[in-house]
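Data block below; observations after.
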Amino acid sequence: MSGTKVPITRVREEVSAILAASAGDQKRKFVETVELQIGLKNYDPQRDKRFSGTIKLPYVPRPRMSVCILGDAHDCDRAKEQDMPFRSADDLKKLNKNKKLIKKLAASYDAFLASESMIKQIPRLLGPGLHKAGKFPTPIGHNDELSVRADEIRATIKFQLKKVLCLAVAIGNVSMTEDELVSNIMLAINFLVSLLKKNWQNVKSLFIKSTMGKPHRLL
């Protein structure tokens with residue numbers, strides 16, 4: 001079964017309700033994230049192939065997501081100019097492959113970009129720490145614009161089936177417009193369904209929810 005089972009008018013209604021609630025009496029002192037929550041059915045995580053897929057959304061859902069540059073001299077200079085966090089090869093060597101310090105580095109940032117010349121050195125300098133944390137760096141070239149590449153990471157979401165039949169991904173925030181949220185949600189839903197073995201037949205429920213708000217059912 002292809003096509004969407006969730007009418008865009010329904011998504012628009014629920015997004016509108018979330019935005020109205022977040023701007024009304026329930027307005028918070030921080031920008032709430034909007035999450036897409038998915039319940040699956042007819043899936044056995046033990047026996048069925050576990051899917052994994054990433055997609056770049058048209059609008060950045062997590063603008064405050066922290067991205068650190070693991071750079072050669074050229075990229076560290078560029079990161080410094082743009083006021084972006086960075087670490088040089090010497091900084092990484094100082095961690096001395098200490099698992100606790102590497103874990104702390106991994107926990108300090110949401111994602112990493114690394115100069116092409118640094119990528120090959122990462123396993124030698126840091127062991128498997130970043131890989132285990134699911135934060136192995138994305139390579140960047142000297143001609144890449146650092147802020148653009150960082151925003152690409154902020155706009156990319158990942159669907160990955162683990163041991164449980166429910167997934168949740170950040171697809172926006174309450175400072176976005178209704179149209180931006182609807183675009184991100186529709187793209188995310190249709191991409192997720194394309195990853196599933198039996199497409200819509202594997203989808204039990206779909207909800208959207210802001211950080212502090214109540215869940216809104218789409219399916």
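The values are calculated or read from the model by the stated rules, or taken from the named source; none is laboratory data. Computed from a predicted model, the values in this text were never measured in an experiment. Just the protein is used for accessible areas: all its heavy atoms, side chains included, with ligands, DNA and RNA removed. Shrake-Rupley method; radii C 1.70, N 1.55, O 1.52, S 1.80 Å.
A few points about this structure:
- Flagged links, alpha-carbon separation over 23 Å, of Lys29/Lys162; Lys100/Lys209; Lys104/Lys132; Lys29/Lys80: Lys29/Lys162; Lys100/Lys209; Lys29/Lys80
- Computed accessible area, Met212, all protein chains, 1.4 angstrom probe, square angstrom: 100 Å²
- Projected-area mean, the chain, by convex hull of Cα positions, square nanometres: 13.9 nm²
- Per-residue extension of 0.36 nm, minus the Cα-Cα distance of Lys120 and Lys97, leaves a gain of 6.7 nm for this segment.
- Along segment 43-55 the Karplus relation, 6.51 cos²θ - 1.76 cosθ + 1.60 evaluated at θ = phi - 60°, assigns HN-Hα couplings of 10, 10, x, 6, 9, 6, 5, 7, 8, 7, x, 10, 9 Hz to successive residues, with x for each Gly and Pro.
- Near the amide H of Phe112, within less than 5 Å, lie the amide hydrogens of Cys68, Thr138, all on another chain or at least 5 residues away, with H placed in the peptide plane.
- Here the chain carries DSSP beta bridges of which approximately 70% are antiparallel, counting only pairs with both residues inside.
- Segment 67-219 - percent of accessible surface contributed by carbon and sulfur, probe 1.4 Å: 52 percent
- Computed with a 1.4 Å probe over protein heavy atoms only, the accessible surface of segment 1-130 comes to 61 Å² per residue.
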